[in-house]
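Just below is one structure, and these are the notes that go with it.
What follows is calculated from the coordinates using simple rules that are stated; it is not laboratory data. From a predicted model like this one, the values you see are computed outputs, not experimental measurements. In this analysis, Cβ positions are derived from the backbone assuming ideal geometry, glycine residues included, and neighbour counts consider all displayed protein chains.
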Amino acid sequence: MNRLTLYSVFLFILQISILRSQSLPDWVEEMPQDSKYYWARESVGIRGLSEEEYKEKANIRALSTISMQIRTTVSGQARSSFSEVTADEGSSFKDEFIEESSTSTIADIQGAERVGEHVNSTTYWVLWRLDKSVHAENMEEFVEAARNQYEGFVEWPSDDPVGQLQYLIPAYEAIIKVAGVPAMFDGKNLKSEIPNQISKILNSLKLQSDGGNEFTGQTGYALGRPLKIKIKPKKNFSISDVPILFRVESGELSLSKETVLTDPSGKANIKVTNILSQKSTQQVRAFIDLKQWREDQMAELISFENRLDEISLSNSVLFTLDVKKVTQEKIAVITVGDTSVFNEDDLKRVNSDFRSEFADVTDFKLKDEMLVEPIIESYKRSASLCSNEECQIEIGKKLGVERLVFVDVANYPKQTTVTIFLRNIGKNELELQYGYDFPHDEWKGKAPTKPSGYRRARLKMNSAEEKYETGEMTEDDYYRVMSETEEILGDYEKKLQKYNDKFEPFKDNLIYEVLDNIPDMVEDFWVRTNPGKLTLNCRTRGVKADFTYLGRNKWFEKNFDKRLPFRDERFLEGTYEIDVEKLGYEKYHMRFDVAMGEFPVHEIRLSPKRAGKAFLRSLFIPGRGQIYSSDEEHRGRFVMGLTYFLSTTALSAVSGVLWNEFFTAKNSYDATRLEYLEAVEIDDIALKQSTMLSAHSSMSEKRNTAVLVTGITAGIWLFNAIDAALFFPAEYKGRRLSMNVSPEIYANTVSAKTKLVWSF
């Protein structure tokens, strides 16, 4: 055999080996036929895909195939739809039992197992199977869970739709996982019954806007008014704690929350904290968030959650925002400071942080720092830099900016003050100036004073040291001089060292205190630059209102007062509370929000105090009507009310004790009477009778005392109610009980006519 033949045989054997190594498993060529299982065999090309990608793709296809087999067994179809039908009671959803294999693949095939996989240079194969008995058990569990939840819905009171949905949504979550088996309850197909009931409940909870659907805002700003909704139920339903989802439909908006719960009146609201997009029309949709009632919040069922949202959208509110673009004005930021305290590097750092915050927080566009610094460097970075208006205007024009932010960092013995100026270069005017103080502690900045004779003692000590070193002074004389001067110098040196130890670190910390507060200062300054304007109308004139700021900005004044009414008063952004008190009127309390660039208007209506209200209050709680009608000018009514309350409380307590004693005495009398009736002997009868009569006398005495005290208590209680109305302050015109007595003369007869008038 020649060499060529041997080489050919070798190549043939090698090819056979390669082919045998690439031979496919039997299941690739022929699907297993075991009827106990659902089978799925899938393949994908691997070119251009990672191992993870082609395996995931093939596995999903195989699981979908198993799901398809299960669903085809029942419906003969493999598609899904939700159709909306119209009935007399409104819109509702009907599940046609035509389902989508891709929506619940994972649910249908719990218990499936991968039993084979193979890959060659071009293709990846995978083989999956699902035991039909395991699948049947899973389906049985899902059906049972759906039935239990639906039974809870049936038994729940129909006037509590929120409670009903807490059963229906988990029932729906269980029933969508069911495939291949029927799901019935009292003759009803739960596949269609559950979504239909959900839809009916949603139709009974009509969602509508509370304050309008259309808003106007500016890019980069918060929306002035919150987005409000309310639920208007068709019946007297409980509508508290209904989750409302606010979802951005178009545009880009920052929301304070996405999902909020309704209050007992069925209202909910959120704030648009920032309009991020310049799109002219942006929308937010609000609807009931059925997903919040899912039983398994951790399990991802995106298709199911989308289906819940689709059901909810039939009852939703759409808010539309008309957004105006904001033209950014170009500014420059310049920081100066006291160079005896702050070095140039510190001031540059402060300037850099101010620039960064103004760029992030405001709508201003900053001038390139490379263009600003050369002009600043032509001056010394000290407080003398552009301390006057002309210089600042000149620099602003050189830089070509619309506005100049000038920051002055000054140090004083008791505080460090950062003053920010905003100067309009074009208009040549100062738009805003505001200072931020950082107080020092008592010891900061206070060096100890030198004692009298300090200079002479220091010279004497220095002279002694020189003479001792040159040998001109003996050791004894040297220590004598040191001892004489130590008393004068020692105490001062110790105090000075202590001061330096404390003040030097503090000097370094001054700049850090400023740096730490730059974000808050810029935010505050920006809000002050763009305040809202508030109008508060009040029909009652001359009313003083107390305001409380509830926001987190530490620079805002927390408490202040204003006279009502007022129009277009500047108010800084945030949440406020208002309390109004006026003689003769009920206390008034309100909370409201003010946003940058917005002009809210509120109407304050004070309710007058009335004699009828005082009467009813005292009728139920003695003294409450008198306290209700008291104020700064009628403090006596408060004392009177307190007296009525304490006296009736004390008498009620005494009355209770007396009635308790009466019932004790009555029980004693009943016992002695029974003994008397059971007595047989003549002597014993006489004795028992005497004891019985004595007990009866005691019982009668205690009863009469209890009745007397109770009567007095009731009388004072009733008189207290009449007093609350009869002596209601007279200056509250038309709101009190009055009595008029007028004489009437008929021939020779004189009489008096009494008229009782109770005005409410």
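Of the residues 306, 259, 282, the one whose Cα sits farthest toward the positive end of the charge dipole of segment 210-324, with +1 on the Cβ of Lys and Arg and -1 on the Cβ of Asp and Glu, is 282. Our note on the geometry: Cα centres of segment 567-606 and segment 622-666, 38 Å apart. Classified by the C-alpha gyration tensor, segment 223-286 has a prolate form. Its axis ratio a/c, with a ≥ b ≥ c, is 1.5 or above, and a/b is larger than b/c. Using a cut-off of 18 Å between Cα atoms, the listed pairs 267/609; 206/267; 279/365 include 267/609; 279/365 as exceeding that distance. Inter-label distance, residue 206 to residue 324: 3.5 nm, where each label sits 7 Å from its Cα along the C-beta direction. Annotation: amide H-H contacts under 5 Å for residue 573 (H modelled 1.01 Å from N, sequence separation of 5 or more, or interchain): 532. The H on the amide N of residue 249, modeled in the peptide plane, is under 5 Å from the matching H of 283, 284, 285, each at least 5 residues off or on a different chain.
For a test of the definition: using alpha carbon positions, the gyration tensor, and the 1.5 limit on a/c, classify segment 126-255 as rounded, prolate or oblate. Note, shape of segment 126-255 comes out oblate. Remark on segment 612-726: hydrodynamic radius 16.6 angstrom, per the Kirkwood mean of 1/r across alpha carbon pairs.
What the phi angles of segment 41-51 give under the Karplus curve with 6.51, -1.76 and 1.60, with θ = phi - 60°, is a coupling list of 10, 9, 9, 9, x, 9, 5, x, 10, 6, 4 Hz, glycine and proline written as x. Extension gain, residue 254 to residue 437, is 62.6 nm, computed as 0.36 nm per intervening residue step minus the present C-alpha separation. Converting phi to 3J(HN,Hα) with the Karplus coefficients 6.51, -1.76 and 1.60 and the offset θ = phi - 60°, segment 141-146 yields 5, 5, 4, 5, 4, 5 Hz in sequence order, with x at every glycine or proline. Length available on full extension from residue 607 to residue 373: 0.36 nm per residue minus the Cα-Cα distance, which gives 78.0 nm. Here the Karplus curve 6.51 cos²θ - 1.76 cosθ + 1.60, taken at θ = phi - 60°, turns the phi angles of segment 649-655 into couplings of 5, 5, 5, 5, 5, 4, 4 Hz, with x standing for Gly and Pro.
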